[in-house]
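J.: Encoded as structure tokens, here's the structure I'll be asking about.
The values are calculated or read from the model by the stated rules, or taken from the named source; none is laboratory data. All values reported here derive from a predicted model rather than from experimental measurement. Cβ: placed from backbone, ideal geometry, glycine included. Neighbour counts: every protein chain shown. Keep in mind that these areas ignore ligands, DNA and RNA; they rest on the heavy atoms of the full protein, side chains included. Shrake-Rupley method; radii C 1.70, N 1.55, O 1.52, S 1.80 Å.
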Amino acid sequence: MENKKLVVVCTVSLTVLLSIATVSAFVEELDDTFKDTIMPDEIWLIQFYAPWCTYCKQLDPVWYEIGAELKSMGSPVNVGKVDATVHTNLAKEFRVGGYPAIKLLKDDLKYNYRGPRTKAGIIEFADRVSGPVVRALPSQQLFQNVMSRYDVLFVYVGGPSDLKEKYISVAKELIVHTYFFSAARNVLPKAVTLQEYPAVAVFKDGTYFLYNEQQDEDLASWINRERFLNYLPIDSYTLYAMGDTGKLVALAIVDERNPTEESIRYKTMVERVATEYKDLYSKEFQFGHMDGNEYINGLIMEEVAMPSIIVLNVSNDGYFLPPNKVETKEQLVKFIDGVSKGRIKSQGGNGYYQCFIRIVFNTKTTVTTIFTEAPLLGAFLIVVSGGVGSAMCYGLCMVWRSMRNTEDEEPITGERVEPKQLKGPGEDKKTETKEKNPAEKKAD
């Protein structure tokens with residue numbers, strides 16, 4: 001019986017080891033010679049990590065799964081990883097500023113992934129960026145299929161033109177965020193009316209909008225503004241991505257884990273304003289709701305009640321708070337209008353003072369959380385940090401004291417050459433007296 005158990009355990013262990021080895025085989029460890037050894041047409045998805053980075057360790061098993069799945073899909077994307085603390089030249093070339101950094105190399109262009117570190121999100125990014133920059137939709141059936149799959153759809157309609165060249169150029173830059181398509185006029189839904197041809201259209205929120213060069217500035221700015229639904233769930237990753245849109249973000253802050261009638265009412269209220277006042281506010285505001293108040297607490301440095309309303313300026317960490325509690329759609333519209341027309345002033349920002357205060361607040365919050373959830377660990381960290389701080393202070397004091405003593409003492413061997421100084425009246429005599437040899441002193 002015991003022998004059978006031993007055989008089963010050994011078999012399971014061997015299976016696990018083989019599985020790990022198989023998955024690991026699809027991820028290559030890269031070094032500083034990487035750019036010298038790859039072929040020009042190769043596409044690489046690379047994770048830059050540091051051995052001490054906790055987030056890197058959490059991503060590691062996911063990264064091996066990504067490598068295995070992309071290979072099983074027949075994807076042209078090769079998957080690798082680089083220890084950025086060792087292979088610093090490669091990390092500098094890819095402009096790695098934090099860990100883990102996820103980059104995709106294609107046609108000598110480097111694309112930066114900024115989304116959530118999930119298997120689905122990273123694979124979708126790799127599939128999007130590695131494929132054609134602009135994907136053709138040759139039939140109505142395919143067009144409808146793509147429309148049902150994606151919430152936001154950018155489509156160039158027409159043949160060769162200067163507008164198409166601009167569209168392709170912008171797509172190369174912004175494909176990290178969204179897909180780009182092209183189609184003939186007869187492929188579009190019958191409800192679509194083109195005032196000009198060729199054209200660029202975005203399909204979202206159950207309707208479509210056309211790019212107008214005179215009204216909408218440059219094409220890249222317009223696509224950046226329009227690449228999100230008018231109302232959507234928003235997390236910290238989405239907020240970060242919205243920094244390029246130039247829009248203010250109007251949020252309902254709610255607790256999705258403990259939903260209440262009031263929180264549902266707040267979400268509905270913001271969504272109604274986003275829908276009913278789309279023509280008035282969609283160019284200036286992005287609307288949505290955020291689950292939890294942790295991010296907002298850190299931004300404004302105080303506890304935010306849930307549910308509540310706030311408008312964020314993602315580009316500079318500024319925010320707008322309603323002067324009174326918002327209870328109705330009309331009150332929300334009045335608040336949004338006040339922000340739009342400058343009647344309600346922005347608070348916060350990313351100045352040096354605000355950044356310092358925010359660091360202090362986040363540190364205080366972290367320490368409080370540690371003491372609440374693990375008081376023994378909190379006490380241990382305080383003792384250790386206090387001991388380290390004391391040791392550092394003692395060491396600095398000893399160094400300073402040693403420097404002072406060194407300045408006052410004569411060298412043990414050799415001579416110290418004094419710099420020439422201007423002497424006052426009578427100082428020569430004092431010097432002579434001071435420099436008498438022992439024989440002269442004895443004679444005196």
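J.: Using the Kirkwood formula on the Cα atoms of the range 232-282, what hydrodynamic radius do you get, in angstrom to one decimal?
T.: When all Cα pairs of the range 232-282 are included, the Kirkwood radius is 12.3 Å.
J.: Between the alpha-carbon centers of the range 155-176 and the range 100-140, tell me the distance in whole angstrom.
T.: Cα centroid to Cα centroid, the span is 17 Å.
J.: Still on this structure, I have one more. In Å, the Kirkwood hydrodynamic radius of the range 216-337 over pairs of distinct alpha carbons?
T.: 14.6
J.: Shifting gears a bit: Return the tail of the calculated pair distribution for the range 78-179, meaning the percent of Cα-Cα pairs more than 25 Å apart.
T.: 32
J.: Next question. For a Förster distance of 56 Å, can you work out the FRET efficiency between the beta-carbons of Ala305 and Arg135, rounded to the nearest 0.05?
T.: Details: r = 46 Å, r/R0 = 0.81.
The computed FRET efficiency comes out at 0.75.
J.: Hey, another quick one. Excluding ligands, DNA and RNA, what is the solvent-accessible area per residue of the range 265-332 at a probe of 1.4 Å, expressed in Å²?
T.: I get 47 Å² per residue for the range 265-332.
J.: Distance from a point 7 Å along Cα→Cβ of Asn112 to each backbone N in the range 244-280: keep the residues under 19 Å and list them by number.
T.: Answer for the range 244-280: 244-247.
J.: Suppose the chain between Gln144 and Asp255 were pulled fully straight at 0.36 nm per residue; how much longer would it get relative to their current alpha carbon spacing?
T.: This chain segment gains 36.4 nm when fully extended.
J.: Within the range 232-309, what whole-number % of the accessible surface is contributed by carbon and sulfur, with the 1.4 Å probe and all protein chains included in the calculation?
T.: Values: 1850 of 3710 Å².
About 50 percent, which is the carbon plus sulfur part of the accessible surface.
J.: Any chance you could run the full-extension gain for Asp244 through Trp52? It's 0.36 nm times the residue separation minus the Cα-Cα distance, nm to one decimal. Provide the component values of the computation, followed by the final result.
T.: On the way: separation 192, 0.36 × 192 = 69.12 nm, distance 3.14 nm.
So the extension gain works out to 66.0 nm.
J.: Based only on Cα atoms, what Rg/Rh ratio does the range 141-218 have, Rh being taken as Kirkwood's radius?
T.: When Rh is taken as the Kirkwood radius, the ratio is 0.93.
J.: Looking only at the range 291-306, which residues have a backbone nitrogen under 20 Å from a spot 7 Å from the Cα of Ile264 in the C-beta direction?
T.: Output list for this probe position: 291-292, 306.
J.: Compute, for Tyr150, the solvent-accessible surface of its heavy atoms (probe 1.4 Å) with the complete set of protein chains present, and express it in square angstrom to the nearest 10.
T.: 50
J.: Could you calculate the FRET efficiency of Ile38 with Asn212 from 1/(1 + (r/R0)^6), where r is the beta carbon distance between them and R0 is 45 Å, rounded to 0.05?
T.: Here the calculated transfer efficiency is 0.60.
J.: Among the GluC sites (Glu not before Pro) in the range 249-305, which ones are in a DSSP loop with at most 16 other Cβ atoms within 10 Å of the Cβ? Mind listing them?
T.: Glu256, Glu284, Glu302, Glu303
J.: If the chain between Lys341 and Thr275 were fully stretched, how many nm would it gain, using 0.36 nm times the residue separation less the Cα-Cα distance? If you can, show how the numbers build up before the last one.
T.: Working: separation 66, 0.36 × 66 = 23.76 nm, distance 2.01 nm.
This chain segment gains 21.7 nm when fully extended.
J.: Still on this structure, I have one more. For a Förster distance of 30 Å, can you work out the FRET efficiency between the beta-carbons of Thr193 and Ser315, rounded to the nearest 0.05?
T.: Working: r = 35 Å, r/R0 = 1.16.
Efficiency for this residue pair is about 0.30.
J.: Next question, about the same structure. Please state the shape class of the range 195-234: rounded when a/c is under 1.5, otherwise prolate if a/b exceeds b/c and oblate if not, all from the C-alpha gyration tensor.
T.: It is oblate, given that a/c is not under 1.5 and a/b is not larger than b/c.
J.: For the range 161-250, with every protein chain kept in place, what is the accessible area per residue (1.4 Å probe, Å²)?
T.: On the way: 4350 Å² over 90 residues.
Per residue, the range 161-250 has an accessible area of 48 Å².
J.: Give the carbon-plus-sulfur fraction of the accessible surface of the range 35-97 in %, rounded to a whole number; probe 1.4 Å, heavy atoms of protein chains only.
T.: After summing per-atom areas, the C and S share lands at 52 percent.
J.: Ok, one more. With every protein chain present, what is the per residue accessible area of the range 57-138 (1.4 Å probe, Å²)?
T.: For the range 57-138, the solvent-accessible area averages 48 Å² per residue.
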